[in-house]
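Take a look at the structure set out below.
The values are calculated or read from the model by the stated rules, or taken from the named source; none is laboratory data. On a predicted model such as this, the values are computed, not experimentally measured, just so you know. Here Cβ is always computed from backbone atoms with ideal geometry, including for glycine, and neighbour counts include all displayed protein chains. Each accessible area value is taken on the protein alone, full model and side chains, heavy atoms only, with ligands, DNA and RNA left out. Shrake-Rupley method; radii C 1.70, N 1.55, O 1.52, S 1.80 Å.
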Amino acid sequence: MKKLLKYTFIGSLCLAASACSDQEAMNVSPNSASNVPSNMVMSAAEKWTVDNIYDVWFSGRQCLVYAQQWSQRNYTEEDRYQIRESVNNSYFKYMYMGLNNFQKVINMNTDPATAKASSAYGANCNQIAAAMIMKVWLADVMTDTWGAIPYSEALKLDTEGILYAKYDDQKELYAQLIAELDEAVAMINEDEVAFTGGDVIFGGDASKWKKFGNSLKCRLAIHMSKVDPNWRKYITEALASGVMESNDDAAKYQYTASSTEYCKFYEGYYVDGRNDFSINKTLCDLLKGQTDTLNVEAYPQKAHPWQGVIDPRLYVYTTDQYGNGVFNGMCVATQTGVQARIFTSQGVANWYYNQPPVLQKSFAVPLMTYAELKFIIGEYNGFSVDDYKEAVAASIEYWYDVTGAGIDASSIDDYVDAVSQNVNAEAYAVQKYIDLFCNGTEAWTEIRRTGYPNQIVRPGEACAEYNGNIYKFTPLSEVKGDIISRVKYPTDESSLNGVNWQAAVSKLQDGTNNYYTKMFWDVRTSTYDHPANK
């Protein structure tokens, strides 16, 4: 943690610099960026955070493959839960750098020495609130990835002299995050701007930041719906305070096609020159209305809930193979080598030659959609049919809008009617999973929380048929027969924050740093268990 905390003191505008091995070079004053306007610090913090979550490493080779939305087409180790320690170490640090730079915005607007100057770039209270909301958003991504993490004592080396930060248990951390959202939302002055410029997510609109804060509270609440009966109270409070009301309120980061300000998904393909991913067969089959024939005989619950109904989002989530009208997804990981041959032989979409919207330079990555919120509200309302229909329609409209495609209202209505014949917990979970495209951590969280979609290929199940052979999904790390439940703590932490790391590991199942210890909100007793809400 000592090294980690030193990393967090790098100036906001130098975030893209690589790690320096010279320890003295890391002792940069936390005030080194004090002459940078607070709105530009916020802009850099937003970009740093989004760049390092929505990329081909943390998302592409981790969360999106865990959620079976993307698949690697060449090297399948990460898809099979063999994580590169160097990557795990790096992204743990990168996310703390993001937390620290949102904290810089807060400090610049609270410190009397800088608050007056910062007020020229937006109301102090609104800047603080927006930065707090983003800290909560990022901390939630982190805790839902690793479990207990340092938070309450993190980022306090300079102010309180805390060098080795404790790991906060998830239950207590969630309570703190809820409290921080309440505090942030309460201080927002909607009559003033949040930022005069630089805020890419909401353009400085304080009202939209308030709606996002309350909507994010709903997300945290629904995560706890299986373990904490207060989840309904949290959502009731958020609704009363004001949440997203339409797709116009969605939290998204809009990249541009100019210069190097392009989406990191695009960079991973067309700047780095890689052709490593395609849409996963699990998601593609759901969009095509096609049942997984390899497993449905042994697991009847895998039958498609809307067999034969084609989802309009198929045409904006992926592309067909060389423009021939064939939409196929890449199987859940087989062995490296076999996977590439399957890709070639089975007409899987080649994104390198036929770009989907997600790989465009100017793709807008979704932090939280209005449709996701409507699914949460509908679950809060007892799986309401009306909320469900509105959520599905909003999702289709959103994805066609952000990709610049066109769709007529009758096509949306026809699809909504077709998937609304039996609205229940499964219908909600599957449609929400589809909406969460490219939002890998949240899609993975919902699978762990609800046990849906049933169509997710579990370890030991058939994942591909090739040349007369059936291949099964065989993880390379122990996951106790389920999909991966968490990512191991980075190895750097065992040496840099050893005492607190060991205390956190001792609370995991079997007292080991493993991939199978469930999050506190994941109370499934088997891989096909679907726990009820409290």
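If Lys and Arg each add +1 and Asp and Glu each add -1, what is the summed charge of the other residues whose beta carbon sits under 13 Å from the beta carbon of Q307?
-1
Please report, to one decimal in angstroms, the Kirkwood hydrodynamic radius of segment 438-484 built from all distinct Cα-Cα pairs.
Working: mean 1/r = 0.0829 Å⁻¹.
Roughly 12.1 Å, rounded to one decimal.
Give me log10 I(q)/I(0) at q = 0.05, 0.09 Å⁻¹ for the chain, Debye formula, one equal scatterer per alpha-carbon, no solvent.
For the chain at q = 0.05, 0.09 Å⁻¹, log10 I(q)/I(0) is -0.18, -0.63.
In debye, nearest 20: dipole of the chain around its Cα centre with unit charges on the Cβ of K, R (+) and D, E (-)? Can you show the working numbers first?
Numbers: 46 positive and 64 negative charges, 237 e Å.
The dipole of the chain has a size of about 1140 debye.
Ignoring ligands, DNA and RNA, please state the percent of accessible area on the chain from carbon and sulfur, probe 1.4 Å.
Values: 9180 of 19000 Å².
About 48 percent, which is the carbon plus sulfur part of the accessible surface.
How high is the relative contact order of segment 435-504, in percent, counting Cα pairs under 8 Å that sit 6 or more residues apart? Each step should come with its number before you reach the end.
Details: 41 pairs, mean separation 12.6, N = 70.
Relative CO of segment 435-504 lands at 18 percent.
What length, rounded to one decimal in nm, is gained on full extension from N354 through to N469, with 0.36 nm per residue of separation minus their alpha-carbon distance?
Details: separation 115, 0.36 × 115 = 41.40 nm, distance 2.94 nm.
Here the answer is 38.5 nm.
What is the Cα centroid distance between segment 160-190 and segment 36-52, reported in whole angstrom?
20
Skip the ligands, DNA and RNA, and give the accessible area per residue of the chain with a 1.4 Å probe, whole Å². Before the final figure, lay out the partial values.
Details: 19000 Å² over 534 residues.
Spelled out: the 1.4 Å probe surface of the chain, per residue, equals 36 Å².
Quick query: amide H of K472 versus all other amide H atoms, modeled in the peptide plane; which residues come in under 5 Å with a sequence gap of 5 or more or a different chain?
Amide H neighbours of K472, under 5 Å, 5+ apart: C463.
Can you tell me the Rg and Dmax of segment 190-332, counting just the alpha carbons, in angstroms?
My reading of the Cα-based Rg and Dmax gives 20.8, 60 Å.
Along its three principal axes, how long is segment 304-366 when you only count alpha carbons? Whole Å, largest extent first please.
34, 33, 25
Counting other Cβ atoms within 10 Å of each Cβ, which chymotrypsin sites (Phe, Trp or Tyr not before Pro) in segment 293-397 have at most 14 and sit in a DSSP loop? List each step's numbers first, then the result.
On the way: sites: W306, Y315, Y317, Y322, F327, F343, W351, Y352, Y353, F363, Y370, F375, Y380, F383, Y388; in loops: W306, F327, W351, Y352, Y353, F363, F383.
Taking segment 293-397 and a limit of 14 other Cβ atoms within 10 Å, the loop chymotrypsin sites (Phe, Trp or Tyr not before Pro) found are Y353.
Relative to the present Cα-Cα distance, how much length would full extension add between Y299 and N189 at 0.36 nm per residue of separation?
Working: separation 110, 0.36 × 110 = 39.60 nm, distance 5.33 nm.
Additional length available on full extension: 34.3 nm.
What's the percent breakdown of Cα-Cα distances in segment 421-534 across 5 Å bins, shortest bin first?
Cα pair-distance distribution for segment 421-534, in percent: 2, 10, 16, 18, 18, 14, 11, 7, 3, 1, 0, 0.
Taking one equal scatterer on every alpha-carbon of segment 335-406, how large is log10 of I(q)/I(0) by Debye at q = 0.16, 0.18 1/Å?
-0.75, -0.81
Please give the length that would be gained between H530 and D408 if that part of the chain were fully extended, namely 0.36 nm times their separation in residues minus their C-alpha to C-alpha distance (nm, one decimal).
Working: separation 122, 0.36 × 122 = 43.92 nm, distance 3.56 nm.
Difference between extended and current length: 40.4 nm.
Please name whichever of W209, G98, I396 sits farthest to the positive end of the charge dipole of the chain, dipole taken about the Cα centre and charges placed at Cβ: Lys and Arg +1, Asp and Glu -1.
Of the candidates, G98 comes out farthest on the positive side.
What is the distance in Å between the Cα centres of segment 318-385 and segment 123-143?
Centre-to-centre (Cα) distance: 29 Å.
Kindly provide the Kirkwood hydrodynamic radius of segment 131-219 in Å, to one decimal, from all pairs of distinct alpha carbon atoms.
Values: mean 1/r = 0.0705 Å⁻¹.
Result for segment 131-219, one decimal place: 14.2 Å.
Please give the net charge around F202, taking every other residue with its beta carbon less than 15 angstrom from that of F202, where Lys and Arg add +1 and Asp and Glu add -1.
Result for the local shell: -3.
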